[in-house]
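Let me begin by presenting the structure, written as C-alpha cells, before commenting on it.
The values are calculated or read from the model by the stated rules, or taken from the named source; none is laboratory data. Quick caveat: nothing in here was measured; it's all calculated off a predicted structure. Glycine gets a Cβ as well: all are built from the backbone with ideal geometry, and neighbour counts include every protein chain shown.
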Amino acid sequence: MKIFFVTDIDAFDEAFVEKCTSFFPEWRKKKMLLHKHLKGKIQNGLAYLLLIKALKEEGIFYEMPEFEYNEHGKPYLKNYPDWYFNLSHCKSAVCCVLSKEYVGIDIEEIALYKESLANYVCNDEEITMIKNSENKSVEFYRLWTRKEAAFKMIGSGITKDIKNILNTPYINVESYRIDNLWISISYKIDKC
C-alpha cells in the first residue's frame, strides 16, 4: 500500500487544468470540467494524476484508469481489477492510496473545534479522548479522518453508525499528521 499526496494546490492554475484536458480520457475530462470552481477542477485533476503515478510506481500502468462505481458512489478500477484505490482532498491538499486490498483514505485540514459536531459524530469514549487531549481540534480531526477513511474503505457512504464505525472488528486505521493536515488510511483486516 502506497500513499501519494500533493499539498499547496494553490500553486496550480488554469494552465494545469488545460494541460490535463489535453490528455485525460474524455470521461475524466468531463468530470473535471463539471466542477464550477477552478479549485475543484484542480483537485479533480491532481487526484487522477496521483492515481496514474501510483499505478506507474507499482509497475502495472498500461492504460489510463477507468472507474466503475458501487451503489453508494465508491469508485473501483474497471481496467485494473486486482487493485483498489481511494482519493481524498481538502482545501490545500489531495491524496491517493493504492492497494491490493480494500482501502479508504481521508485528508483534512485541522480547523476550529466544534463541540456540536463532535457530539454528533463521536461516541462517549471519543468525546472523553477529545476533552482530555492537549488540543481538541487536533484530536477531533484525527478521529474524523479515521471515521471517514473507514466509511470510504467499506464503500457505504457515511451512515448512522458514525459514532461507532471505528469499533468495527475488521477495520484497521492508520493516521499521519503532516503540518496542519491529518491523513488517515483504512484497510480491512479479515473481511468486509
Test: V6 is modelled with pLDDT of 95 or more, in contact with a Lys or Arg (Cβ under 8 Å, 6 or more places away or on another chain) and hydrophobic (A, V, I, L, M, F, W, C): no
Candidate set from the range 80-134 (those that are acidic (D, E) and within 22 Å of N172 (Cβ to Cβ)); member that is surrounded by the most Cβ atoms within 10 Å (Cβ to Cβ): D106
Unmet criterion (only one of (1) in contact (Cβ under 8 Å) with a residue 24 or more places away in the chain; (2) loosely packed, with under 13 Cβ neighbours inside 10 Å; (3) among the aliphatic types (A, V, I, L, M)) for I60: (1)
Count - residues of the range 37-71 that are over 22 Å from I154 (Cβ atoms) and assigned to a loop (DSSP other than H, G, I, E, B): 9
Residue tally, condition in contact (Cβ under 8 Å) with a residue 40 or more places away in the chain, out of contact with any Phe, Trp or Tyr (no Cβ under 9 Å at 6 or more places or on another chain) and among the β-branched types (V, I, T), over the range 1-21: 2
Complete set of residues in the range 136-184 that are touching a Cys at 6+ places or on another chain (Cβ under 9 Å) and either in contact (Cβ under 8 Å) with a residue 60 or more places away in the chain or surrounded by fewer than 16 Cβ atoms within 10 Å (Cβ to Cβ) (or both): M153, G155, Y170, L181, I183
For L77: the one exception among (1) crowded, with 19+ Cβ neighbours inside 10 Å; (2) closer than 28 Å to L38 by Cα; (3) not polar (S, T, N, Q): (1)
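Yes/no per residue for (1) touching a residue at least 12 places away in the same chain (Cβ under 8 Å); (2) surrounded by 12 or more Cβ atoms within 10 Å (Cβ to Cβ); (3) not hydrophobic (A, V, I, L, M, F, W, C):
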residue	(1), (2), (3)
F23	no, no, no
K39	yes, yes, yes
Y48	yes, yes, yes
A54	yes, yes, no
